[in-house]
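The values are calculated or read from the model by the stated rules, or taken from the named source; none is laboratory data. These figures come from a predicted structure and were not determined experimentally. With ideal geometry, Cβ positions are generated from the backbone for all residues, glycine too; neighbour counts draw on all protein chains shown.
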Amino acid sequence: MSQNGHRRSARRRDGSNPTRIVILGGGFAGLHVARELSRLRAGSASNDGERDVELVLVNRENYFVFQPLLTHILSASAQPTHVVVPLRRMLPDVNVEVAEVTEIDTERRTVRLLRRHLDEPIEIGYDAAVVALGSVTNLSHVPGMAEHAIPLRTLGDAFFCRNHVLDLLEAADLETDPVERERLLSFVVVGGGATGVEVATALEELVTAAAATIRYPSRLRPVVRLVHSRARLLPETGDRLGRYATRKVAETGVRLVLGRRIASVDAGGVTLDDGDRIPAAAVISTVGNAPHPVAAAMAGRHDGGWLHPAPDLSLPGVDGVWALGDCSSVPDVVRGGRAPATAQQAVRQGTAAARNIWARLHDAPEQAFRYRDRGMLVSLGGRRAAGSVFGRSVSGFPAWLLWRGYYLSQLPSMDRRARVALDWILDAVLPRDVVQLDVHRTPGGDRSRPRSLEIRS
């Protein structure tokens, strides 16, 4: 095992080494833990000569993905690089380690990592650890779903889904069998929550833009279906907004299959729980969250596999570990139950956890995390949205403006806000760039040559 100056004995605080805080995960929760700790460290050092505190953030990628805008990559309404930000740019005073977390040893206070680019295992010690690894996708609950459905959680998923859909349009353009052509033009989205609605409407925008800008023959009529087990979409928004969302999504052209569940998925399509069959060439799943396996395997209190922290976000029974974000079941101390696993709450949990870690380092009192719901907004396509803001229901075009304004304000850097805003302005006045990007190496020949980029309309 490579040491590389990272491993050290646990809990060493003899003055020769800084206190090391290791943050596992670079999503919303982990990013805001690192940001707040960096701010607290800088302020304390400037005021009273605070002893050194080393901050290490571990993430699989060297960038942060603004996941609420992944559907804009699918619909080609924003450039892919505009919804990602390099972690080292956002966290200039934090050591960023690009690696996969393979094990957390809470007894020895070490974390085992596998560096992605070198395939090199390393081990680092910690004085305090923040587990913010997020969740993973588990599609095994429906037969065939894991083998044939496309999840939409990462930048790679959004790219793959867009390329696959455009590939199917190309194939349908060449297909002479009308039955097979209809199947190639049939797309099914599973799940009628906020993510499912935004994916379905983004997919409808993509195929509509493709038909308009590429001028496919009129016989190519793509169909996007949204399958949901409830009688209306967005059950989390309440009855009135749910009915409104159901009506407006249907007006975009998305065909709704409500009150039905997916019984199985295969290469030819999906079978519903009532036996009905929907031929489809692409099935996109927005359901199936599961605990991160590393978090589920570590010591400490769990809630059905999810880490179950105390109200101050520390993990009971494990000294020096905090758990937050989508890998945890954070208690709602105001209403009871579990706080929702949303980006909005992950940001606040990150800030709260950082302050409690800092308080513990200085023997100060820690505070319970209190979930406060500012509301939610969901894009419904066609410049409409629905949701609630501070307890007030909003819908239609004003809600859509609020939706865009809120997410624009939450992008973590000024240059990304400017770039995404420009993307949206250009999208309103110019044809959408519906292209398939297949990035691959030139086969054979001189391997030192750069990658080729094939762009097909």
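With the requirement that a residue be within 18 Å of the chain's Cα centre (by Cα) and either over 20 Å from Gly134 (Cα atoms) or without any contact (Cβ under 8 Å) to a residue 24 or more places away in the chain (or both), what does the range 54-76 give you? His72, Ile73, Leu74, Ser75, Ala76, listed by residue number. The requirement of being of a type in the set (Asp, Glu) and more than 22 Å from the chain's Cα centre (by Cα) is satisfied by Asp167. Among the residues making up the range 343-361, those that are within 15 Å of Val22 (Cα to Cα) and of a type in the set (A, V, I, L, M) are Ala353, Ala354, Ile357, Leu361. Inclusion of Val318 among residues that are among the β-branched types (Val, Ile, Thr) and either exposed (fewer than 15 other Cβ atoms within 10 Å of the Cβ) or closer than 30 Å to Gly144 by Cα (or both) is not warranted. Name the single residue that is farthest from the chain's Cα centre (by Cα) among those in the range 128-158 being assigned to a helix (DSSP H, G or I), of a type outside the set (Gly, Ala, Ser) and under 24 Å from Val294 (Cβ atoms). Going through the qualifying residues, I end up with Met145.
Residue by residue, here is whether (1) modelled with pLDDT of 95 or more; (2) buried (at least 18 other Cβ atoms within 10 Å of the Cβ); (3) touching a strand residue (DSSP E or B) at 6+ places or on another chain (Cβ under 6 Å); (4) in a helix (DSSP H, G or I) holds:
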{"position": "Phe160", "(1), (2), (3), (4)": "no, no, no, yes"}
{"position": "Asn163", "(1), (2), (3), (4)": "no, no, yes, yes"}
{"position": "Leu169", "(1), (2), (3), (4)": "no, yes, no, yes"}
{"position": "Ala172", "(1), (2), (3), (4)": "no, yes, no, yes"}
{"position": "Thr176", "(1), (2), (3), (4)": "no, no, no, no"}
{"position": "Val189", "(1), (2), (3), (4)": "yes, yes, yes, no"}
{"position": "Val199", "(1), (2), (3), (4)": "yes, yes, yes, yes"}
{"position": "Ala202", "(1), (2), (3), (4)": "yes, yes, no, yes"}
{"position": "Thr208", "(1), (2), (3), (4)": "no, yes, no, yes"}
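Only a single item in (1) assigned by TED's automatic domain parsing to the domain that holds Thr195; (2) surrounded by 16 or more Cβ atoms within 10 Å (Cβ to Cβ); (3) within 30 Å of Leu168 (Cα to Cα) is not met by Arg416, and it is number (3). Return yes or no: is Ser135 more than 30 Å from Ala211 (Cα to Cα), surrounded by fewer than 15 Cβ atoms within 10 Å (Cβ to Cβ) and not charged (D, E, K, R)? So Ser135 fails the test.
Scanning the range 377-392 for residues that are in contact (Cβ under 8 Å) with a residue 60 or more places away in the chain and surrounded by fewer than 20 Cβ atoms within 10 Å (Cβ to Cβ) yields Gly382, Ser388. Out of Arg255, Arg277, one residue alone is surrounded by 16 or more Cβ atoms within 10 Å (Cβ to Cβ), closer than 29 Å to Val179 by Cβ and without any contact (Cβ under 8 Å) to a residue 60 or more places away in the chain. It is Arg255.
Looking at the range 106-127, which of its residues are over 17 Å from Ala299 (Cα atoms) and buried (at least 18 other Cβ atoms within 10 Å of the Cβ)? Correct list: Leu113, Ile122, Glu123, Ile124.
Selection of the range 352-409 for residues being part of a helix (DSSP H, G or I), of a type outside the set (Phe, Trp, Tyr) and under 16 Å from Val33 (Cα atoms) yields Ala352, Ala353, Ala354, Arg355, Asn356, Ile357, Ala359, Arg360, Leu361. Within the range 415-423, none of the residues are among the β-branched types (Val, Ile, Thr), over 20 Å from Val130 (Cβ atoms) and outside any helix (DSSP H, G or I).
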